[in-house]
Amino acid sequence: MPASLLLDSDILIDHLRKEQKALDYLQQEIDAGSLLFISVISRTEIFSGARKGEEETIQGLFDLLTPVDVDVAIADRAGEYLKKCSKSHSVTIGDAIIAATAREMGGALVTRNLKHYPMKDLKIIKPY
């Protein structure tokens, strides 16, 4: 069964910056048949930081990924994560929603930012 992976913004930004480890990792997962997802929060983060002329490249990357909208279950779980982790770990609403998205879809969150995701019930992959 192929893996379901929610890619965090940092991994996608590394890919857009042509960091070789990110390029290799995404190609490896595509070749393995993994199902690659993106939170609508990550889309927002990436578009907000886009440099002039990057829009077409960003859209090309996004076309390879399945977007996951925020629904009630994700919103509720994100609220639980914020309640438990915002003060002790400075978890932001964006990180809480991304974590909740991975948890609710039953996949793993692929990120380098382990400190942003202290949730114990979350499967996390640090790819490089």
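The values are calculated or read from the model by the stated rules, or taken from the named source; none is laboratory data. Not measured: the values here are computed from a predicted model. Methodologically, a virtual Cβ is constructed for each residue, glycine included, from the backbone with ideal geometry; neighbour enumeration extends over all protein chains shown.
Tabulated values for the structure
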quantity: Condition check for T101: within 14 Å of L7 (Cβ to Cβ), surrounded by 15 or more Cβ atoms within 10 Å (Cβ to Cβ) and hydroxyl-bearing (S, T, Y); calculated: yes
quantity: Any hit, segment 65-73, residues being outside any strand (DSSP E or B), modelled with pLDDT under 95 and touching a strand residue (DSSP E or B) at 6+ places or on another chain (Cβ under 8 Å); calculated: no
quantity: Residues within segment 59-93 that are under 23 Å from F47 (Cα atoms), of a type outside the set (D, E), out of contact with any His (no Cβ under 9 Å at 6 or more places or on another chain) and surrounded by fewer than 19 Cβ atoms within 10 Å (Cβ to Cβ), tallied; calculated: 9
quantity: Pick from segment 31-56, criterion touching a strand residue (DSSP E or B) at 6+ places or on another chain (Cβ under 9 Å) and farther than 17 Å from I74 by Cβ, ranking: surrounded by the fewest Cβ atoms within 10 Å (Cβ to Cβ); calculated: L35
quantity: When residues of segment 16-30 are limited to those that are in contact with a helix residue (DSSP H, G or I) (Cβ under 8 Å, 6 or more places away or on another chain) and among the hydrophobic types (A, V, I, L, M, F, W, C), the one surrounded by the most Cβ atoms within 10 Å (Cβ to Cβ); calculated: L26
